[in-house]
Amino acid sequence: MPLADKSFEEMISSGSLDAAVWQEILAGVEELHRLGYVHRDLKPANVLYVNNAWVLADFGLVLPTARDTEILTSTHSAYGSQYYAAPEQAHDFRNVPEQADIFALGCMLHDVVDRGTTRVPFAQIRSVGVYGPILEKCTEEQPRKRFPTVASLRAALFDLWQTLTDDDELPEDADLLQAVEEMPNSVERWRNLIHHLESLSKVGRHFALKALNADLLVQLNTLDEVLFARLMALICEWARSTGFDWNYCDVVGDRLVEAYRISQVRLKTGIVLAALELAVSHNRWHVMNQVGSMLGTVADNGLVDRMLIELELEEGLVLQLQKIESVVNWQRDRWHPKIAEFLNRFQGE
């Protein structure tokens, strides 16, 4: 292993909170979870700056969540570093879920944003600062009450950072947005908000659309599919045409994926096209992999048939798929067979 230039402990000492650094750390943990592992010993000393990138280190306590390999630690084995360990690690170390790493990330975030205050090991963090709700959510005593995924934690963080850097006065749709947030099961409040957003320019919709998180989208889809379709049309246009901050692209990509999972086939095509444009235009590897998954081997045949029509009509879309293959090494056979066959035929012409 190459010699690290520094560890995350030094970032804490400097009092710096860099969104780009957190993006790399979160991406590392997310990839670990995608591969089916829990780190179980995340702490500043195990996050290193190597070859101009922040990486995770010390996998001595890593555990496969699928439980399909030999267990190397007993139930009562050492639980990692207690100052960053989740409560469940103290009594059932080998069965801890991914949320144990979420707990550790919350502790690391606390070290950065609330330096000088002490933490009680294995306990929920209480903070009165702007990061308080995120810290509390990360360190809930029960794993199921924490952020369920790294993506949901990333969305909360980047939404907060967007708010902190926005010095403009609140737009007129703030009240309509707040009304929906207070009562997301009200069709009338959703209708008022969406009608207002449809009357705005693309730029004017940014404030409200970035605030509509995955939970609200799920709520609307359950409530009214027609309103959900109207809103997704606005979100897809926003994702395709907005020059997002480089790191915020992943948050937008995550929301598109969540919408994709709950949408009907007729909406999924627009979501995939929006994610494809977002991924390639901003050169975001995370979103490129998401596009690959949406059009992977198990993609819905109805979606694939619609995508083939789009590919026939727009050569630029084919070039975007080929760019994903080259940038993130997405192998041709990982696409849906019909997509792979089309790309092979296009390449041969």
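The values are calculated or read from the model by the stated rules, or taken from the named source; none is laboratory data. Keep in mind that what you see is a predicted model, and the values were worked out from it rather than measured. Here the Cβ is made from the backbone with ideal geometry for all residues, glycine too, and neighbour counts use every protein chain on show. Surface accessibility is based on the protein's heavy atoms, side chains included, excluding ligands, DNA and RNA. Shrake-Rupley method; radii C 1.70, N 1.55, O 1.52, S 1.80 Å.
For residues in segment 16-56 being open to solvent by 40 Å² or more (accessible area, probe 1.4 Å) and in a loop (DSSP other than H, G, I, E, B), which is modelled with the lowest pLDDT?
So, considering only residues that are open to solvent by 40 Å² or more (accessible area, probe 1.4 Å) and in a loop (DSSP other than H, G, I, E, B), the one modelled with the lowest pLDDT is SER16.
Residues in segment 180-204 that are at pLDDT 90 or above and part of a helix (DSSP H, G or I): how many?
So the count comes out to 15.
Let me confirm something: among VAL226, VAL252, which residue is β-branched (Val, Ile, Thr) and either in contact (Cβ under 8 Å) with a residue 60 or more places away in the chain or open to solvent by 10 Å² or more (accessible area, probe 1.4 Å) (or both)?
From the options VAL226, VAL252, the qualifying one is VAL226.
How about segment 8-27: which of its residues are under 24 Å from the mean Cα position of the chain (by Cα) and of a type in the set (Ser, Thr, Tyr)?
If the condition is that a residue be under 24 Å from the mean Cα position of the chain (by Cα) and of a type in the set (Ser, Thr, Tyr), then SER16 is the only one that fits.
Restricting attention to segment 90-111, report how many residues are more than 15 Å from LYS145 (Cβ to Cβ) and open to solvent by 10 Å² or more (accessible area, probe 1.4 Å).
Residues flagged as more than 15 Å from LYS145 (Cβ to Cβ) and open to solvent by 10 Å² or more (accessible area, probe 1.4 Å) within segment 90-111 amount to 6.
So, PRO64, is that one open to solvent by less than 70 Å² (accessible area, probe 1.4 Å), over 29 Å from LYS6 (Cβ atoms) and at pLDDT 85 or above or not?
no
Sort out which residues of segment 319-332 are in a helix (DSSP H, G or I) and open to solvent by 70 Å² or more (accessible area, probe 1.4 Å), and write them in order of number.
Result: LEU319, LYS323, SER326.
Matching residues to (1) among the acidic types (Asp, Glu); (2) more than 18 Å from GLU237 (Cα to Cα); (3) outside any helix (DSSP H, G or I):
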| site | (1), (2), (3) |
| --- | --- |
| GLU258 | yes, no, no |
| ILE271 | no, no, no |
| ALA279 | no, no, no |
| GLY292 | no, yes, no |
| VAL304 | no, yes, no |
| LEU317 | no, no, no |
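Condition first: open to solvent by 80 Å² or more (accessible area, probe 1.4 Å) and either over 30 Å from HIS286 (Cα atoms) or more than 21 Å from the chain's Cα centre (by Cα) (or both). Now tell me which residues in segment 112-154 satisfy that.
Within segment 112-154, ARG115, GLY116, THR118, VAL120, ARG126, VAL128, GLU141 meet the criteria.
Does segment 278-288 contain any residue that is in contact (Cβ under 8 Å) with a residue 12 or more places away in the chain, surrounded by fewer than 19 Cβ atoms within 10 Å (Cβ to Cβ) and under 27 Å from PRO337 (Cβ atoms)?
yes
State whether one or more residues within segment 102-116 are in a loop (DSSP other than H, G, I, E, B) and under 19 Å from VAL251 (Cβ atoms).
No - not one qualifying residue is present in segment 102-116.
Across segment 67-89, what is the number of residues that are buried (at least 19 other Cβ atoms within 10 Å of the Cβ) and modelled with pLDDT of 80 or more?
Final tally of qualifying residues: 6.
Limited to segment 172-191, what total is found for residues that are open to solvent by less than 70 Å² (accessible area, probe 1.4 Å) and of a type in the set (S, T, N, Q)?
Selection size over segment 172-191: 1.
For (1) touching a residue at least 40 places away in the same chain (Cβ under 8 Å); (2) of a type in the set (Lys, Arg), each residue gets a yes or a no:
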residue: ARG306; (1), (2): yes, yes
residue: ILE309; (1), (2): no, no
residue: GLY316; (1), (2): no, no
residue: ASN329; (1), (2): no, no
residue: HIS336; (1), (2): yes, no
residue: ARG345; (1), (2): no, yes
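Could you tell me whether segment 11-22 includes any residue that is among the hydroxyl-bearing types (Ser, Thr, Tyr) and over 15 Å from HIS110 (Cα atoms)?
Within segment 11-22, none of the residues are among the hydroxyl-bearing types (Ser, Thr, Tyr) and over 15 Å from HIS110 (Cα atoms).
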